[in-house]
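The values are calculated or read from the model by the stated rules, or taken from the named source; none is laboratory data. Quantities reported herein were computed from a predicted structural model and do not represent experimental measurements. Using ideal geometry, Cβ is built from the backbone for each residue, glycine included, and neighbour counts are taken over all protein chains shown.
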Amino acid sequence: MENKSPLTEALFYILLSVRKPNHGYGIIQEVRELTQDRVILGPGTLYGAINSLLSKGWIRLYSEDTDSRKKKQYLITASGREAFKKEVRRLQELLDNAHFMEE
Amino acid sequence: MVKFKIYYDKDAEEDWLNQMCGQGYAVQSFFAGFYRFEKCEPFEYRYQIDLLNTSHGSYEEYCQFMEESGVTVVQRWFKWVFLRKPSSEGPFELYTDTTSLIEHYGNIKRFFTAAFIAEALCCLYELIAFVVLKNVILGCCFLLLLFLSGAILKNIWKCQWKIEQYKKEME
């Protein structure tokens, strides 16, 4: 899956939060901590984002545990990592060029 | 306590439910315009209304996800769901970024567009029946359906307006 447009802030932080297996509520908490309460993901936003990431193949279900009481966990895939790195390169380029403003 | 109300605008409905909760009445169930309230502490809960998106997995998966995020699914009415979260557990907004808000209102707009087409066809059918049979009851049905179609159309415009506002925000 090719991504031409930049990642949204929500997608960027969700991908970051599933570098290790993580569940929905855990993702909300982690994004809150990482951004010092600046980004608080609404459950509707997160649910839609997780489904779109799953269908893109950027994340996958971590445990195929059939025990329904256990919270569903998600984990980033190789193509998810690739998309994330690509975005980091794009952001890095922006930052590298930003100093020209001060010249 | 039971109250009867008909809402087309889910944002207005949400505001009303939160206002009722502020007065100490928490909605417990909904059926065809009838809302059943039970006593609660003022502002005990924060309510949100969602429209299920069929491309986002099953209803069971949706419910499981919401419960795991600390949100209670109060009632499902066809594709609409009433959700709530105790106010003590922090703020509760279902959609928190422009991308997902645009998708949410797009989903609502599609829902009402389908409803409008169905309603408009019924309306046309009633009109033809009225003209042919000259029956007053059929005429009244036509007027009622015409009114409903108008209300739905207004809602579609409202969704479109919101989507355009959010798109401007993104630019």
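The table that follows gives values for the structure above.
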quantity	calculated
Members of segment A:1-16 that are within 14 Å of another protein chain (Cβ to nearest Cβ) and without any contact (Cβ under 8 Å) to a residue 60 or more places away in the chain	A:S5, A:T8, A:E9, A:A10, A:L11, A:Y13, A:I14
Test: A:V39 is at pLDDT 95 or above and either under 20 Å from B:H56 (Cβ atoms) or surrounded by 14 or more Cβ atoms within 10 Å (Cβ to Cβ) (or both)	no
Residue in segment B:95-111 that is away from every other protein chain (no Cβ under 14 Å) and touching a residue at least 60 places away in the same chain (Cβ under 8 Å) present	yes
Members of segment B:54-94 found to be at pLDDT 90 or above, assigned to a loop (DSSP other than H, G, I, E, B) and more than 7 Å from every other protein chain (Cβ to nearest Cβ), listed by number	B:S58, B:F78, B:K79, B:F92
Set B:L51, B:L83, B:L121: member being aliphatic (A, V, I, L, M), touching a residue at least 12 places away in the same chain (Cβ under 8 Å) and within 22 Å of B:G150 (Cα to Cα)	B:L51
Residues within segment B:109-142 that are loosely packed, with under 13 Cβ neighbours inside 10 Å and assigned to a helix (DSSP H, G or I), tallied	11
Test result for B:Q75, in contact (Cβ under 8 Å) with a residue 12 or more places away in the chain, within 30 Å of A:L7 (Cα to Cα) and not charged (D, E, K, R)	no
Any hit, segment B:14-23, residues being within 14 Å of chain A (Cβ to nearest Cβ) and either touching a helix residue (DSSP H, G or I) at 6+ places or on another chain (Cβ under 7 Å) or not in a strand (DSSP E or B) (or both)	yes
Matching residues in segment A:23-48 - criterion: being more than 7 Å from chain B (Cβ to nearest Cβ) and closer than 19 Å to A:E87 by Cβ	A:I27, A:E30, A:V31, A:L34, A:T35, A:R38, A:V39, A:L46
Search result, residues across segment B:35-53 that are within 14 Å of chain A (Cβ to nearest Cβ) and not in a loop (DSSP other than H, G, I, E, B)	B:R46, B:Y47, B:Q48, B:I49, B:D50, B:L51
Test: residue in segment B:151-165 that is among the acidic types (D, E), under 30 Å from A:T8 (Cβ atoms), at pLDDT 90 or above and in contact with a Gly (Cβ under 7 Å, 6 or more places away or on another chain)	no
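Residue-by-condition table, conditions (1) at pLDDT below 95; (2) surrounded by fewer than 16 Cβ atoms within 10 Å (Cβ to Cβ):
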| residue | (1), (2) |
| --- | --- |
| B:K10 | yes, no |
| B:C21 | no, no |
| B:G24 | no, yes |
| B:F31 | yes, yes |
| B:Q48 | no, no |
